[in-house]
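Here's the structure, in structure tokens; my notes come after.
The values are calculated or read from the model by the stated rules, or taken from the named source; none is laboratory data. Not measured: the values here are computed from a predicted model. Remember, those area values only see protein heavy atoms, side chains included, never the ligands or the DNA or RNA. Shrake-Rupley method; radii C 1.70, N 1.55, O 1.52, S 1.80 Å.
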Amino acid sequence: MNLRKLFSAVVLLASSLYAAAQNPAWTQPFPPFHIAGNLYYVGSKDLASYLIVTPKGDILINSSLESSVPLIKHSVETLGFKFSDIKILLISHAHYDHCAGSARIKQLTGAKYEVMDADVSVVESGGKTDFHYAAQPNMHFPPTHVDRVLHDGSTVSLGGTVLTAHLTPGHTKGTTTWTLDETEGKRLLHVVIVGSPNVNPGYKLVGNKAYPHIAQDYAHGFAVLKSLPCDIFLGAHGAYFDLTAKYPRWKAGDRNAFIDPTGYKAYIANREQAFKTELARQQTAKP
Ligand SMILES: [Zn+2]
């Protein structure tokens, strides 16, 4: 093992430990389950991954941590699907808790990695061009080649399923909210998978040289999120949409447990208020 490999191994170990230390729910297994139509939950207790099954192969959203990959594979297989059927890999945004496993998943499945334009350099540099975490090795991840660059409004199609990529930036420059339609019985259901509307601790919303338009981007993201029709409310973390509260209802037989347009609106409104409060605080604190 050369020094560079040793260094990356140490960094990976450190980031896994960091992740585990950050939130135990990130690495805690969670039962995989059918959400609606051809959409399934295959993530951990908090790091959400979604499988969309089509006759032409499958789509996976969020590779999560490197240590998540065997867990996601196990969930896919528990549902009766083949991991090697994953043809397209997508992410919510270019932070290691959603994309560190991508290199490994591409290696295992040969999936095409499709990423929003403004997150591509972060993904391909392994986090070294991130506007906030560039200098923090514990936030880095294996650099991963992007096979198709997406833009705001791009669609991803496979076997009759169409997903739309909505740019909802701020949290990262290319944070992506995914939408798709599912049918349950005769009912058409609009699915929204929120990319992340959150302002992380330490984010500079005012005078940010690495991301001058961050505040305008967040504001634009909230406008987009408020415009999306939503029946089934999902997101990059289970905590966004109360996975652990809704799943027991689902398990008890309530197949509508994840249909929550009111919860979606309330969540977005709550996060927008948190953004506005933090922006006002930083504007006031500015000398
Ligand atoms: Zn993030």
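Structure values in brief
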quantity	calculated
Phi-based couplings in Hz for the range 47-56 (Karplus 6.51, -1.76, 1.60; Gly and Pro marked x)	8, 7, 10, 10, 10, 10, 9, 10, x, 9
Set of aspartates and glutamates near residue 112 by C-alpha distance (under 16 Å), chain-local residues within fewer than 8 positions excluded	58, 85, 124, 147
GNM flexibility winner over the chain from 36, 274, 236 (Cα, springs under 10 Å)	274
Three-way shape label, the range 63-221, alpha-carbon gyration tensor, a/c 1.5	oblate
Residues whose placed amide H lies under 5 Å from that of residue 86, excluding near-sequence neighbours	58
Relative contact order for the range 74-198, counting Cα pairs under 8 Å that sit 6 or more residues apart, in percent	21
Members of 45/106; 204/276; 87/128 lying beyond 18 Å, as alpha-carbon distances in this model show	45/106; 87/128
Antiparallel bridges, percent of DSSP beta bridges restricted to the chain (to nearest 5)	70
Accessible carbon and sulfur surface of the chain relative to its total accessible area, %, 1.4 Å	57
Helical segments meeting 27 Å axial Cα length and Kyte-Doolittle 1.0 threshold in the chain (DSSP H)	3-22
Dimensions (Å) - the chain, Cα atoms, principal axes, largest first	58, 50, 33
Relative contact order (percent, whole number), the chain, Cα cutoff 8 Å, 6+ residue spacing	14
Fluctuation leader among 125, 75, 102 - the chain, Gaussian network, Cα springs under 10 angstrom	125
Surface accessible to a 1.4 Å probe, per residue, for the residues of the range 233-287, Å²	57
Long-range HN-HN contacts of residue 174 with modeled amide H, under 5 Å	94, 119
